[in-house]
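Here, each number is a calculation from the coordinates, and none is a lab measurement. Bear in mind the structure is a predicted one, so any value in this text is a computation, not a measurement. Positions of Cβ are generated from backbone atoms using ideal geometry, with glycine treated the same way; all protein chains shown enter the neighbour counts.
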Amino acid sequence: MIEARAAARARPSLGLRHALAEALAPPGIDGSLQARLMRSVHPVRVVIALSALAASPFLPASTAADRRTLLLLIASAYLPYTVAVLAASRRFGSRWLGPAATAGDVLLVFLFQTAVPPARTVALFGYILIAALYASIGGLAGGLIVGGVAAALTVLAQALNPGPPAIDGFTLTMFAASLGSLAVILGAATREQRRANAELARLHEKSEAVLARVGDGVVVTDAAGTIVQWNKSAERIAECPSHSAIGRTCGAVLGLRLDEGELDCSGGCALLALKDSTAVLEVTRVLADGRRQPLLADVATLRSSGGEVSEVVHSFRDITRLREADEAKTLFLATASHELKTPLTVIQGFAKTLLVFPDLGPQDRETALRAIERRAVQLNGIVDRLLLSSRIEMGRVQVVHSRLDLPPILEERADRMSAATGRQIVREIAPGLPPALGGLDALTIVVDHLLDNAVKYSPEGGPIGVRATADARRVTVSVSDSGIGMDDEQRALCFEKFWQAESSEARRFAGTGIGLYIVRSLVEAMGGEIRVESAPMQGSTFTVSLVRAEPAGTAVPAPAGVAEPSLIDEFMRQMGIRPRRQA
Amino acid sequence: MSGLVAALNLALGIAYLAIGAIALIEIVQARRTLGFSHFGAGIVGLAFTCGPHHFAHGFHVAFEGRSGGPLDLVTVLVGLPTAAVWVGLRIEAFRRGRGDRFIAGTPRWLQALPTAAGMYLTALVSAGLAVGAGGLTLRAWMIPNLLLIGVYLTIASFLLRTQIRNRGPLRGWSLSGLSLTGIFPTCALMHAAWVVYAAAGRYEFDVHGFVAGLLAVPAGLYFLWTVRGLFLDTVRDWHVRSPERAGQPAAAG
């Protein structure tokens, strides 16, 4: 209840800005700044003409005749002109069209100013907008020239047809809108310029970035064996930053060894000499703590125009994890064999007993048969896990997503585990828990594994808890125990395949080492995440986050084109709230 | 023009009252099985305050000499089709028809809608400034209408957000959703036009509209509180009560 209220107190995002951002395609960088703005200026001109047409009946301080004249001029001259310019831009796309259209704008507005004196001041501010539009095409100087010509034409219009200009709230608003447009356009131009510069720099660094991101360590030396280039992966593999490596020799920085001998590069690149005989070499490095780091090495030469070797390119791949995986597989085979052999031995023993002693009493016979059945079930479970792990490895596990109502699932699995083990499991499930998106079978396996681990690794009988909460986007399930816990290294490796905390010779707890690997794989297949918090002798808490079936405010499942019969439900649905009939 | 303004406002008032009545009937009928619906009550509150507001305005224009201005007429004319579409779809749903239409993709007329809305808004603002050129005086009895503009625009934003978010999964639009979304901003503009005329001195104070407006503000805020609570799961509405607890079998599907 407390968690639900805490989650509920979180402010929801109205989401309109984000929804619009998702709906509208993001602008891409295609073509020059001028070309892009030219393409957008002509439609903007049409919109301005239409808006002027809509606003012209409200021209302040004017007579009805003035308003009619203005309406007629816009409808018969300016609007068709802007549409013609737009059509021409689509068809021809000439670079002279922009300046020519701007000149047309200026002349037409001059016509309005002369014919309708009250429109004079409004038109002046319209000139500012035209100048701003032209500034976006021809640059700031061009825009200022247009503005200057427009001001001169306004004076000429006043001389030709004297009349009081009207300066009032309407014109002030137009003035502010024009200035604002100018600032927006120029600001956009500046941003575009900066973005173009940044794009140029990015392209310049692209080659460096590709080299930096390649997984293998790449070391380039000159003909004398001095390191001239050292990529990020080389820094990671050799644990040596580039500024410490560049200028030194390979041998001094890496100290590579082949078999038990150190490679001698005093007479030239030793790897290059060896490469004649093998394609890829397996070498080792001795780390500062004495551990050996196995590497796969390859080498190639860069030659100058004269044919001499100018640079040598070395690449290294750290195969420590591969070696560890091999060792883990070997350990797994040993462990799995042991895990399988134990129940098989019992089954074999009791089966032989039944065969050798056919006159066993009914009670003894039943005991033997129950032991065989129990061990067969155990064996089946081990084989199932192995098969599931194998299918996960081959990418053949597909989770069928559906809306999962978690409380009954968690209650049922907890009850089964309690009944099977005799352990009490405390449940804290938030009321009104929303459904999650996932697979029922997958979730059942996940919960069973986590509960099984919680029971197994808390042999002293401490409390085991199952908790379920939700926020606006996720539904979270936690399984906790107060058992032996894990240290930092164990926590980091516990989800790895075949990993086990104990060596095969001194194992207190049974297991194949693939349980948590399966759990993580299934959780990720459901689009979720899993994390663990643990400390030695303080227990562990595994937290699984699944996607909520429907975040607030998104599509409400209903067939397209069919409304809810109830007015209230339909209103709810359109507000993004789940109507009652689908509770 | 005044006659048309009066007729349209009276029609709108009757339509909103009808919507409120339908919602009230649904609440009463479902109360025994599904409990009380805050959301439904919110709709009733909105409809039973907005409806009388339009009704009072239409009545004053028709019979008491209040002059309906062009802004009044334009805002009602623009708002009427969207309301008519939604009410028509509700009538169809009531008669067990589909109650909605699916608009596949985004046709050109729908793509042009934002531009047209921008032009409409520009023209309205220009006209409003022209009306207010002689000076606007804001009085206390106009404040409820000002607040309602904000309330209705907020409701419209929730509706718009849902339509935009549903666009992706549906690969189209719901006509019911679009028409319902169009009702609230056009209604907000109607109230804005009323404020402009009242502040310009063209409309006198009338107690009926004032009371309706005064009640509409808390009704709108209650509706918004309910919507927010339903999103945050802090409000228990009938939609979170399972039919099993009400003694009925679970709904199929």
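Key figures for this structure:
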| quantity | calculated |
| --- | --- |
| Quotient of C-alpha Rg and 2.2 N^0.38 Å, computed over the range A:309-427 | 1.76 |
| From phi via Karplus (6.51, -1.76, 1.60), per-residue ³J(HN,Hα) for the range B:214-231 in Hz, x at Gly/Pro | 4, 6, 5, 5, x, 4, x, 5, 4, 4, 5, 4, 4, 4, 4, x, 5, 5 |
| Cα-based shape type of the range B:1-110, given that a ≥ b ≥ c are square roots of the gyration tensor eigenvalues and the cut on a/c is 1.5 | oblate |
| Built amide H within the under 5 Å cut-off of A:Ala470, gap 5+ | A:Thr476 |
| Amide H contacts under 5 Å for A:Ser310, placed H, 5+ residues apart | A:Leu302, A:Arg303, A:Ser304 |
| For the range A:391-505: rounded, prolate or oblate by the Cα gyration tensor [a/c cutoff 1.5] | oblate |
| Under the Karplus curve 6.51 cos²θ - 1.76 cosθ + 1.60, θ = phi - 60°, whole-Hz ³J(HN,Hα) for the range B:194-205, x wherever Gly or Pro sits | 4, 4, 4, 5, 5, 5, 7, x, 7, 9, 8, 5 |
| Overall dimensions of the range A:357-423 as given by Cα atoms, namely Rg and Dmax in Å | 18.6, 55 |
| FRET efficiency for A:Val383 and A:Asp259, using Cβ-Cβ distance with R0 set to 41 Å, rounded to 0.05 | 0.50 |
| Loop-located trypsin sites (Lys or Arg not before Pro) in the range B:13-107, at most 11 other Cβ atoms within 10 Å (DSSP) | B:Arg95, B:Arg96 |
| Alpha carbon Rg of chain B, scaled by the compact-globule rule 2.2 N^0.38 Å | 1.08 |
| Part-to-part distance (alpha-carbon centres) for the range A:419-465 and the range A:329-375, which is given in Å | 30 |
| Approximate spin-label separation A:Gln363-A:Ala77, in nm, with each point projected 7 Å along Cα-to-Cβ | 11.8 |
| Total charge dipole magnitude, the range A:349-472, about the Cα centre, Cβ charges on Lys, Arg, Asp, Glu only, Debye to nearest 20 | 260 |
| Rh by Kirkwood over Cα pairs, then Stokes-Einstein D for the range A:264-350 at 0.692 mPa s and 37 °C, µm²/s | 194 |
| DSSP-assigned coil residues among trypsin sites (Lys or Arg not before Pro) in the range B:131-189, each with at most 14 further Cβ atoms within 10 Å | B:Arg139, B:Arg171 |
| Set of the range A:227-268 residues, backbone N closer than 14 Å to the point 7 Å along the Cα-Cβ line of A:Val309 | A:227, A:250-251, A:264-268 |
| Label point distance in nm, A:Arg317-B:Glu92, each placed 7 Å from Cα along Cα→Cβ | 6.2 |
| Cα-based shape type of the range A:386-436, given that a ≥ b ≥ c are square roots of the gyration tensor eigenvalues and the cut on a/c is 1.5 | oblate |
| For A:Ile514, residues with placed amide H under 5 Å, excluding near neighbours | A:Phe498 |
| Top positive-direction residue, dipole computed over the range B:121-227 with Cβ charges, set B:Ile164, B:Thr154, B:Gly132 | B:Ile164 |
| Inter-label distance for B:Leu110 and A:Arg531, nm, one decimal - labels placed 7 Å from Cα along Cα-to-Cβ | 4.0 |
